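Read through the structure below, which is laid out as structure tokens, and then see the notes.
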Amino acid sequence: MGSRFFVETGFSVSDSDGVRFLSEFDRFGGVGAVGYPASRRFTWDGFTVQVFQRVIFQWRPESHSVAFVNVFDRLHEAGYDDWLASVRQTPPPGSFADAGLSWDAAAALRLRVLDRDPAIKHAYFDVVGDPIQANGLPVSDIVDFGNHVALRSQRVVFQRWKVGVPWARAGQVTVALGGDIAKEAGILPDRAALVPETAPSHSFAASIVIDPGHGGAESGAARDVPVLIEKDVTLDIARRLAVLLRGLGHRVTLTRTADAEVNVPALDRNGDRRIDVDDDLQARVDIANDADADLFVSLHSNGGPPALRGVATYYCADCTDSTRHRSLAVTVQSAAVEAVRPYGGGAFGAGVYDEAGLGKPYGHLFVIGPKTPRVARPNRAEAQALVEMLFVSNAADAALLARSDVRGSLAEALARAVEAYLSERR
């Protein structure tokens, strides 16, 4: 996918003109690592750059990769230290006895300042990917500002709050975002690049419901090595997928956005005079129906005998418009298999199946099946599929599911599958 628009900020990220900002954005960990895009592309000091909330991308053609601009070094050079102290409660740069040291030795010396505050140290290292790449090296001591203490690094500022404030509780560490502060300070040379774009029109805009399987007390498949729980895997991939699909102009609903049951408050939603997991499943179907879903995709990761592995996708052959359900399932399966193949994954013994073969109560899966004594209100989405993204119970598959890049590839693949299905439908 060569371009992605983010409705959250009004900017897109792309790989156009050989400047692979979108690919690098995904490689670094996406929104969770660098934030949302906060500008269009522009030229700064002869380089193509783009502002994200946390960092500023700089395209380095000699390495065909992105480097991060040291925003707080640039602010220091531009004479903004007093402004940062008064407006952003940011410490000035300190002095480190690192002259003449190798880069590794100098980095180790600067990182030792983190030992003075365990909470800030934890926040510094608790990032997606390389913490030095994400944050830059510390450039100040830890300074007490009264209601908080702060550490300045090359790209972000960490603040641990000693008292509760409207945006943080006592003891919490917040991160001042370098890209946003550079915009606020006015040091960026192209003001026009900071004007949000017009959202791209999308001829196949659809209502899409993504169902991250399990949640709360229902953990799904799990294992200890690597530590992996199905409910966490499905939620992570669902969140990534939602960002991608929204960027393409679709209206996306997640049946859950946190590690929690969906049936809240706990009600007898299918009318069988008891409250159990069936009511949680009915709540998910009701969300899809309330959203007037065009597509419904339920995300799972399989469990079973240790030797079983691979991707499998299910559809309901007994449901109305089963041809559409199968078409979506085939498209999802093909895309998911191709996503994991470069990492050593694949279909193996799995494939595309009629869900009736699973032998569930009354012969069908709940969320994509027809009305049964369990299902009071069946899913009305015109195309529905349930995908089992590898086996948590298989060591090789689990090693893949534990990787952020594999999860990102699966989310990308599912987004492509949705687009492919919608293109054929229209």
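Out of Leu137, Leu109, Leu114, Leu101, report the one residue that is under 31 Å from the mean Cα position of the chain (by Cα) and farther than 30 Å from Gly408 by Cα. Step through it out loud before you land on a result.
On the way: Leu137 fails: farther than 30 Å from Gly408 by Cα; Leu109 fails: under 31 Å from the mean Cα position of the chain (by Cα); Leu101 fails: under 31 Å from the mean Cα position of the chain (by Cα).
Among Leu137, Leu109, Leu114, Leu101, only Leu114 is under 31 Å from the mean Cα position of the chain (by Cα) and farther than 30 Å from Gly408 by Cα.
Just checking, which of Val387, Val367, Val406 is within 24 Å of Phe28 (Cα to Cα) and either surrounded by 17 or more Cβ atoms within 10 Å (Cβ to Cβ) or touching a His at 6+ places or on another chain (Cβ under 9 Å) (or both)?
Details: Val387 fails: within 24 Å of Phe28 (Cα to Cα); Val367 fails: within 24 Å of Phe28 (Cα to Cα).
After applying the criteria, what remains is Val406.
Going by the structure shown, is Ala99 of a type in the set (Gly, Ala, Ser), farther than 18 Å from Thr174 by Cβ and not in a loop (DSSP other than H, G, I, E, B)?
Working: of a type in the set (Gly, Ala, Ser): yes; farther than 18 Å from Thr174 by Cβ: yes; not in a loop (DSSP other than H, G, I, E, B): no.
Criteria not met by Ala99.
Just checking, which of Arg160, Arg155 is of a type in the set (Lys, Arg) and modelled with pLDDT under 90?
Numbers: Arg160 fails: modelled with pLDDT under 90.
Step by step, each of Arg160, Arg155 is checked, and only Arg155 is of a type in the set (Lys, Arg) and modelled with pLDDT under 90.
Might you let me know whether segment 340-363 holds any residue that is over 22 Å from Arg246 (Cβ atoms) and in contact with a Cys (Cβ under 6 Å, 6 or more places away or on another chain)? It would help to see each step written out before you state the result.
Taking segment 340-363 first, the residues over 22 Å from Arg246 (Cβ atoms) are 340-363.
Still in the running and in contact with a Cys (Cβ under 6 Å, 6 or more places away or on another chain): 355.
Yes.
Would you pick out the residues in segment 66-83 that are in contact with a strand residue (DSSP E or B) (Cβ under 8 Å, 6 or more places away or on another chain) and either touching a residue at least 12 places away in the same chain (Cβ under 8 Å) or under 16 Å from Val139 (Cβ atoms) (or both)? First the steps, then the outcome.
Initially, segment 66-83 is screened for residues in contact with a strand residue (DSSP E or B) (Cβ under 8 Å, 6 or more places away or on another chain), giving 66-69, 71-72.
Matches in segment 66-83: Val66, Phe68, Val69, Val71, Phe72.
Out of the residues in segment 1-21 that are at pLDDT below 90 and among the hydrophobic types (A, V, I, L, M, F, W, C), state the one that is farthest from Arg54 (Cα to Cα).
Met1
Would you please name the residue that is surrounded by the fewest Cβ atoms within 10 Å (Cβ to Cβ), looking only at residues in segment 23-48 that are at pLDDT 90 or above and hydrophobic (A, V, I, L, M, F, W, C)?
It comes out as Phe47.
Among the residues of segment 343-352, are any under 30 Å from Asp290 (Cβ atoms) and assigned by TED's automatic domain parsing to the domain that holds Arg269? Write out each step before concluding.
Restricting attention to segment 343-352, the residues satisfying the condition of being under 30 Å from Asp290 (Cβ atoms) are 352.
The next check asks that each one be assigned by TED's automatic domain parsing to the domain that holds Arg269; those that pass are 352.
Looking for residues that are under 30 Å from Asp290 (Cβ atoms) and assigned by TED's automatic domain parsing to the domain that holds Arg269, one finds at least one in segment 343-352, hence yes.
The values are calculated or read from the model by the stated rules, or taken from the named source; none is laboratory data. Remember, it's a predicted structure, so these values are computed and weren't measured experimentally. For neighbour counting, all protein chains shown are included, and Cβ atoms are generated from backbone atoms with ideal geometry for every residue, glycine included.
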